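Shown next, in structure tokens, is the structure this report addresses.
The values are calculated or read from the model by the stated rules, or taken from the named source; none is laboratory data. Just so it is clear, the structure is predicted and the values come from calculations on it, not from any experiment. So basically every Cβ, Gly included, is an ideal-geometry build from the backbone, and we count neighbours across all protein chains shown. For accessibility, only protein heavy atoms count, side chains too; no ligands or nucleic acids. Shrake-Rupley method; radii C 1.70, N 1.55, O 1.52, S 1.80 Å.
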Amino acid sequence: MAACLLGSIAPDFDLLYFYLVDSCRHHHHSYCIHWPVVWLGLLLLSLLWLLWRRGGVAIPAVAFSASGLLHIALDGIVGDIQLFAPWSDEYYALATVPALHKPWWLNFFLHWSMGLELLICVAAIYLFFKNLRKQA
């Protein structure tokens, strides 16, 4: 579980560089840590490691990289990702969040895609309490 949680936020570690070093000059989704090929590569290497070692640290490595890849997939809904980087600099998103409200974050909060985010959170809370009841 710890590997999943860490992997799910790992692509956004680039925000440290974005704010502290880059001074917000480039969209943080342009950094290589947000490229799908990076997370697909990590997942492939982790799966090969799992096949070779049959367990151990390879299991959390698969969980970490799969969660990172899921983060990138969810970013691609409205977050503009470079789907084919490093071979293409073009950004892709399934939907666009129109700039209708101020402050800027309210546009994302009131967009339909927030419902998907909330659905994921509700499902996680449900599963947590379901498993908690099983253990009692």
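Identify all residues within segment 62-89 that are within 12 Å of I33 (Cβ to Cβ) and outside any helix (DSSP H, G or I); write none if there are none.
Once the filter is applied, which keeps residues that are within 12 Å of I33 (Cβ to Cβ) and outside any helix (DSSP H, G or I), segment 62-89 yields I81, Q82, A85.
What residue, of L94, L100, L116, is within 20 Å of H29 (Cβ to Cβ) and surrounded by fewer than 12 Cβ atoms within 10 Å (Cβ to Cβ)?
That would be L94, the only listed residue that is within 20 Å of H29 (Cβ to Cβ) and surrounded by fewer than 12 Cβ atoms within 10 Å (Cβ to Cβ).
So if I check each of A93, A61, A124, which one is without any contact (Cβ under 8 Å) to a residue 60 or more places away in the chain and in contact with a Gly (Cβ under 7 Å, 6 or more places away or on another chain)?
Only one candidate qualifies: A93.
Which residue pairs have Cβ atoms under 6 Å apart, sit 6 or more places apart or on different chains, and have a first residue in segment 1-13 that is farther than 21 Å from S30 by Cβ and at pLDDT 95 or above and a second that is open to solvent by less than 40 Å² (accessible area, probe 1.4 Å) and assigned to a helix (DSSP H, G or I)?
Listed pairs, sorted by first residue: A3/A63.
Answer yes or no as to whether I77 is at pLDDT 90 or above, in contact with an Asp or Glu (Cβ under 7 Å, 6 or more places away or on another chain) and either open to solvent by 80 Å² or more (accessible area, probe 1.4 Å) or within 18 Å of S8 (Cα to Cα) (or both).
On the way: at pLDDT 90 or above: yes; in contact with an Asp or Glu (Cβ under 7 Å, 6 or more places away or on another chain): no; either open to solvent by 80 Å² or more (accessible area, probe 1.4 Å) or within 18 Å of S8 (Cα to Cα) (or both): yes.
Here the answer is no, as I77 does not meet what is asked.
Just give me the residues in segment 8-33 being open to solvent by less than 90 Å² (accessible area, probe 1.4 Å) and among the charged types (D, E, K, R), in sequence order.
D12, D14, D22
Search segment 29-49 for residues that are on the phi < 0 side of the Ramachandran plot and pair each with any residue that is of a type in the set (S, T, Y) and assigned to a helix (DSSP H, G or I) when their beta-carbon atoms are under 8 Å apart and the residues are at least 6 apart or on different chains.
Once the first residue is on the phi < 0 side of the Ramachandran plot and sits in segment 29-49, its partners that are of a type in the set (S, T, Y) and assigned to a helix (DSSP H, G or I) give Y31/Y17; W39/S65; L42/S65; L43/S65; L45/S65; S46/S65.
For S23, indicate whether it is under 27 Å from N131 (Cβ atoms) and among the polar types (S, T, N, Q).
So S23 does not fit the description; no.
So in segment 1-19, with the set limited to residues that are assigned to a helix (DSSP H, G or I) and among the aliphatic types (A, V, I, L, M), which one is nearest to I33 (Cα to Cα)?
A10
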